[in-house]
Amino acid sequence: MTQVNRLSGGLIDRSQTLSFTFDGKRYRGHGGDTLASALLANGVRLMGRSFKYHRPRGVLSAGSEEPNALVELRTGARQEPNTRATTAELFDGLEAKSQNRWPSLAFDAMAINDRFSAFFTAGFYYKTFMWPAAFWEKLYEPIIRRAAGLGSISLEPDPDSYDKGFMHCDLLVIGAGPAGLSAALTAGRAGARVILADEDYLPGGRLNAETIAVGTQSGSAWAAAVLAELTDLPNVRVMLRTTVIGAFDHGIYGAVERVSDHLAVPPEGKPRQILWRITSKRALLCAGAIERPIAFANNDRPGILLAGALRAYVNRWAAAPARDVVIFGNNDDAHRSAVDLIAKGVHVAAVVDTRARAIARGEYELIAGAQVIGSAGRLGLSRVEVRLASGEIRRIDCGALGVSGGWNPNVHLTCHQRGRPVWREDIAAFVPGPDGPVGLRVAGAAAGLFSTAETLSSGSAAAVAALGDLGISARAARPPETEDAPVAITPFWHVSGGKGRAWLDQQNDVTVKDVKLAHQENFRSVEHLKRYTTLGMATDQGKTSNLGGLAVMAELTGQTIAETGTTIFRPPYTPVALGVLAGRARGKEFRPVRKSPSHRWAEEQGAVFVETGMWLRAQWFPKPGETHWRESVDREVLATRRSVGICDVTTLGKIDVQGSDAAAFLNRIYANGFAKLAVGKVRYGLMLREDGIAMDDGTAARLAQDHFVVTTTTANAVSVYRHMEFARQCLWPDMDVQLISTTESWAQFSVAGPNARRLLQKVVDPEHDLSNAAFPYMACGEITVCGGLRARLFRISFSGELAYEIAVPTRYGDAMIRRLMAAGAEFDVVAYGTEALGVMRIEKGHAAGNELNGTTTARNLGMAQMMSRAKDSIGAVLSEREGLTAPDGLVLVGLRPVDPSQQVLAGAHLMIRGTVANAANDQGYITSAAYSPNLGYSIGLALLRNGAARIGEVIEAVSPLTGLNVEVEVVSPHFIDPEGERLRA
Amino acid sequence: MIINHPLLGPRDAQEFTYLGDAALIERPDGQAEDAARQFYEYLYLRDNPAGKHRELWFHEQGDRSWLVVTRDTLTHEITKVELARDVARARGRGK
């Protein structure tokens, strides 16, 4: 197929011929083409079907504001829906498909919706799917879900990678049109650190779409020359294919760079896109303006597009949608399109201008004071209907119509922090208000300055002013001679009296009639209008349609456009792929993985690992022949209680506390007393939140008069440290106490079981006496192991056995586990994981995270008598609140099934036998449960109302979710060794 | 957001964690006669101003300083950043 509508000239590379397919059909284009321009050059005007009515649609624009020409690009895992054909750069082998049609773009069965349009008016969903309520889930929602959405996704994992980056600059220039280039040049020459970002792949903005000369060169040649100079300046970074998507606080801007989207596949090692976080001292918005259409009946046929876009296709891409063209506008700029088209040999049948006094700018027929009131052509425009000033109707054959209702400054980013644009009657447009982001200036067409001369001078003037704020002196160069025409426009929003629907928002199929209906049904504020009609929603966010819609509403309410206002603009400026927001944080790379010092050894043992926060911990160590995790866990528990077991407990938080006030400080941090803890002793400590609820527990070991080591649970290591620093810096700033987290400095292992001492004696250097008399339960000390390696030893027990925790510097952790296991061989030592750890602590009745669950107090946990009342510690006062001290409050108890073959289930609620299982009868709930291999049945820990007084009672554990109902006996939570003889052995 | 750390200069807000109202510095005396009422007010009664707000930020990914940041809740403008320790001392807190 030849490029039937390819013209001469343009900024395309004809030496490069690119082959691509659209809906399976093969076409050719050139380097520099977009998919849209290449399709137009090939005579393809029909590019998609509309969202609601499945109306045939073509391109409306030539940029990122495109509402219609949304296509699926690529195939397989790289298939991407809803991509704008107007911004998709053509590459050889590109495969594109139209969307929202079946079986084909030319014949779409769902176009039947168009016939029933009377039903699908504004508020259709709200009105239709109201009743009966039961129909919603089963009938309505599935139907709507199937009908909704345009493109489809591959459902395969994204094969590409995405990066995130950070940049800093003095001046961020957003947009590389005439204003942006002139600003960047001024700032760059002054030596400032400049970033110039533009969403296009060719800098120049509108200069590339115009025939306007700048100085002695064409606009595009001037842009290329400026780019060359900027590229040579080491202090300037030019970022093409980069869209600034949002303006955030304190001069921070988000930008997406499309590194590889113009290639079939990203080059080896390159990301597809990068999300940049740009911290700027000053920023300059030079985002230009977006043309707006005029609504008239059937103004959505393929071939009807914005007059400026038509001009851009002809000038930049040498592609015309058709050879016979009509222009329809309300301003002088529309006439530029006619002149440029004629210069390219396109036949302009007429220029229809709504203004009675319009003047022709070239050799074409001007129909002044007239309006286009309708169009014909099934899958593409073939004729327009014009109502002359006299009221007569004239029909003009044409394949394309360029429409211009004027230009809207691209104020988007100035509103990202709730700034409101201001209406300017003289140019009939909203311009940025004074309340934009701090540090952001606006120049050029984005500021409502539409002539090329004004854009050039405002760009450099704004750069000089921005740098002036920073104390950098810059001089605005004398701008080259160029076009300086004033804006000449008479607002005109929609044509009345045509036959058929007049489209405002082509992406959402919103018509003038829909706005009228919204008005009639009292959805009149712009925000209500938007939600009721969907005007301005979806991928284009109403860039070409919002103003038209609110102008109609203003007309209906009798308000001015200024009074009507706009909806709020929010980031992102254009759609952003979710992948680039995720960056590298995907799958296993979602967050860092922390591995304990014995990780490699545990892997060698075939350990099964579990994620606890970021840590990977060994959960159990399966032995050959063990087919179920319970076999491994039971073995580990029994072997530990019978002889000795070793567990890596490095992940517990460790906080080093030093200073002459260290003891006094801990005395306020913990609910129980610490002031009198002797050197060489460890004590269990319970921390409360200030509201009296238990926050965390652990131990504090006093290594010296002014030196403690505090442990926290694995989960709360970070938050406890933060809390302690808060207390130290904010509450008691003059205490002599210093904190540092040493969690990763020490590898720590629990050695538990009757043979723990005998095992350790083989590792600990002989000068340290480990006898029960010399190193009793709750002793601690700094020792040496393996012939002089410094270590710390704590005689503490989570399992309830004779147990120690031994700590060595982290780099010796791997060696230490191997040495301990070797030394333990004669005792049949086992390594145990977190699962066995959990079983043993439940058997012993130790509270853990399941019990310290953010709702429990010391009283609930059975630790009321441990609390010190003689001091002011964090949480002490409010822990005594009414409600937390009720006599029938929840208390930690143990549970065992009356029938030992039955299972105790965590999460089950406790009911008095024979009562209905409901909230009113609730007696408490099971927090932890495990099978105890020592007892031979399932056991649990529970929080039971008035639990301490109910030992021996048989109650029901119910779980309506699982249908469980088990009779359990309330027992002491200490299932194993309640007297603590083993600990002290 | 950028927080101008009094010791380290401008730092990205991502490095910090947020706690809330700087009034949390004013912890009452737990031994006071009406301690229960004072703690209730301290913990639960907070102003929620539309405008200037003094609040606590912790430089968790940095030097671990607690800061008192004066921020306009409407504009996010930060007008003052102090070390919480200095603020606490100025409010008469010591040991």
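Values quoted throughout were computed directly from the atomic coordinates according to the rules given, and no laboratory measurement underlies them. Since this is a predicted model, take the numbers as computed values, not measurements. Cβ: placed from backbone, ideal geometry, glycine included. Neighbour counts: every protein chain shown.
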- 3J(HN,Hα) from dihedral phi, region A:924-932, Karplus parametrisation 6.51/-1.76/1.60, rounded to Hz, x for glycine, proline: x, 8, 8, 8, 9, 8, 7, 8, 8
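Given +1 on the Cβ of Lys and Arg, -1 on the Cβ of Asp and Glu, and no further charges, what dipole in debye does the protein assembly as shown carry about its Cα centre, rounded to the nearest 20?
Details: 119 positive and 118 negative charges, 277 e Å.
Dipole about the Cα centre, nearest 20: 1320 debye.
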- Query: Can you list residues whose amide H is under 5 Å from A:Gly288's amide H, if they're 5+ apart or on another chain and H is modeled 1.01 Å from N?
  - Reply: A:Asn410, A:Ala445, A:Ala446
- Got a sec to turn the phi values of region A:611-627 into Karplus ³J(HN,Hα) couplings, 6.51 cos²θ - 1.76 cosθ + 1.60 with θ = phi - 60°, whole Hz, x for Gly and Pro? 7, 10, x, 7, 6, 9, 10, 5, 8, 7, 10, x, 9, x, x, 7, 10
- Item | Rg/Rg_ref, chain A, where Rg_ref = 2.2 N^0.38 Å and atoms are Cα | 1.24
- Query: Quick one: what Rg and Dmax do you get for region A:25-96 from the alpha carbons, in Å?
  - Reply: 11.7, 35
- DSSP-assigned coil residues among trypsin sites (Lys or Arg not before Pro) in region A:885-985, each with at most 14 further Cβ atoms within 10 Å: A:Arg913, A:Arg984
- Task: In whole Hz, with x marking every Gly and Pro, tabulate ³J(HN,Hα) for region A:238-253 from phi via Karplus 6.51 cos²θ - 1.76 cosθ + 1.60, θ = phi - 60°.
- Result: 9, 10, 8, 6, 10, 9, 6, 9, x, 9, 10, 5, 6, x, 9, 10
- Globularity ratio of region A:545-604, using Cα Rg and 2.2 N^0.38 Å: 2.50
- Note on the structure: Ranking A:Val608, A:Val971, A:Pro809 by how far each Cα lies towards the positive end of the charge dipole of chain A (+1 on Lys and Arg Cβ, -1 on Asp and Glu Cβ), the top one is A:Val608
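Where the eigenvalues come from the Cα gyration tensor of region A:886-985, what are the semi-axes √(5λ) of the equivalent ellipsoid, largest first, in whole Å? Walk me through the intermediate numbers first.
Values: eigenvalues 108, 55, 20 Å².
Sorted largest first and rounded, they come to 23, 17, 10 Å.
Given a Förster radius of 60 Å and the C-beta distance between A:Arg570 and A:Arg642 as r, what FRET efficiency does 1/(1 + (r/R0)^6) yield to the nearest 0.05?
Values: r = 64 Å, r/R0 = 1.07.
Efficiency computed from Cβ-Cβ geometry: 0.40.
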- Message: Using +1 at the C-beta of Lys and Arg and -1 at the C-beta of Asp and Glu, which of A:Gly48, A:Ser64, A:Tyr27 has the Cα lying farthest in the positive direction of the dipole of region A:12-94?
- Response: A:Gly48
- Message: For region A:587-627, which chymotrypsin sites (Phe, Trp or Tyr not before Pro) pass both filters: DSSP loop (anything but H, G, I, E, B) and at most 16 other C-beta atoms within 10 Å?
- Response: A:Phe590
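Just tell me how shielded A:729-739 is by partners: mean number of partner chain Cβ atoms within 10 Å of each residue's Cβ, no decimals. List each step's numbers first, then the result.
Numbers: counts 13, 17, 8, 6, 14, 6, 2, 1, 1, 0, 1.
Mean number of neighbouring Cβ atoms from other chains: 6.
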- Per-residue mean of C-beta atoms belonging to partner chains within 10 Å, peptide A:939-952: 0
- How far apart, in nm, are two points set 7 Å out from the Cα along the Cα-to-Cβ line at B:Lys52 and at A:His707? 4.7 nm
- Task: Identify, among A:Ala518, A:Ala825, A:Met735, the residue whose Cα sits farthest towards the positive end of the charge dipole of the protein assembly as shown, taking +1 on the Cβ of Lys and Arg and -1 on the Cβ of Asp and Glu, with the dipole about the Cα centre.
- Result: A:Ala518
- Cβ-derived FRET efficiency at R0 45 Å, A:Ala343 paired with A:Ala109, nearest 0.05: 0.55
- Would you mind checking which residues have amide H under 5 Å from A:Leu686's amide H? H placed 1.01 Å from N; only 5 or more apart, or other chain. A:Ala671, A:Asn672
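Quote the Stokes-Einstein diffusion coefficient, in whole µm² s⁻¹, for region A:706-769, based on the Kirkwood radius over alpha carbon pairs, a temperature of 25 °C and a viscosity of 0.890 mPa s. Kindly include the intermediate steps, with their values, before the conclusion.
Numbers: Rh = 15.0 Å.
D, rounded to a whole number, is 164 µm²/s.
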- Note on the structure: Given unit charges at Cβ for Lys, Arg (+) and Asp, Glu (-), the dipole magnitude of region B:23-91 about its Cα centre in debye, nearest 20, is 120 debye
- For labels at A:Leu139 and B:His76 in the simple 7 Å Cα→Cβ model, what's the distance in nm? 4.7 nm
- Average Cα contact separation per residue, region A:886-985, under 8 Å, 6 or more apart, as relative contact order %: 36 percent
- In nm, to one decimal, how far is the A:Asn934 label point from the A:Phe590 one, both placed 7 Å along Cα→Cβ? 3.6 nm
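Just how large is the dipole of region A:886-985 about the Cα centre, in debye to the nearest 20, putting +1 at every Lys and Arg Cβ and -1 at every Asp and Glu Cβ? It would help to have the intermediate numbers written out before the result.
Numbers: 6 positive and 10 negative charges, 27 e Å.
It works out to roughly 120 debye.
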- Message: What does DSSP give for chain A in terms of the percent of beta bridges that are antiparallel, rounded to the nearest 5?
- Response: 75 percent
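Using a/c under 1.5 as the rounded threshold, could you call region A:654-741 rounded, prolate or oblate? The axes a ≥ b ≥ c are square roots of the C-alpha gyration tensor eigenvalues, and prolate needs a/b larger than b/c, oblate otherwise.
Details: a/c = 1.42, a/b = 1.17, b/c = 1.22.
Rounded, because the longest to shortest axis ratio a/c is under 1.5.
Give me the mean projected area, in nm² to one decimal, of the convex hull enclosing the Cα positions of region A:310-403. Working shown, then result.
Details: hull surface 21.9 nm².
Orientation-averaged projected area of the Cα hull: 5.5 nm².
Scale the Cα Rg of chain B by the rule-of-thumb value 2.2 N^0.38 Å and send over the ratio, two decimals.
Numbers: Rg = 14.4 Å, N = 95, 2.2 N^0.38 = 12.4 Å.
In units of the globular-protein estimate, chain B measures up at 1.16.
Which semi-axis lengths, in whole Å and largest first, follow from the square roots of five times the eigenvalues of the Cα gyration tensor of region A:485-524? Don't skip to the end; give the middle numbers.
Numbers: eigenvalues 119, 36, 27 Å².
Each semi-axis is the square root of five times an eigenvalue, giving 24, 13, 12 Å.
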- With a 10 Å radius around each residue's Cβ, average the other Cβ atoms per peptide and rank A:173-183, A:373-383, A:404-414, A:953-963, highest first. A:173-183, A:404-414, A:373-383, A:953-963
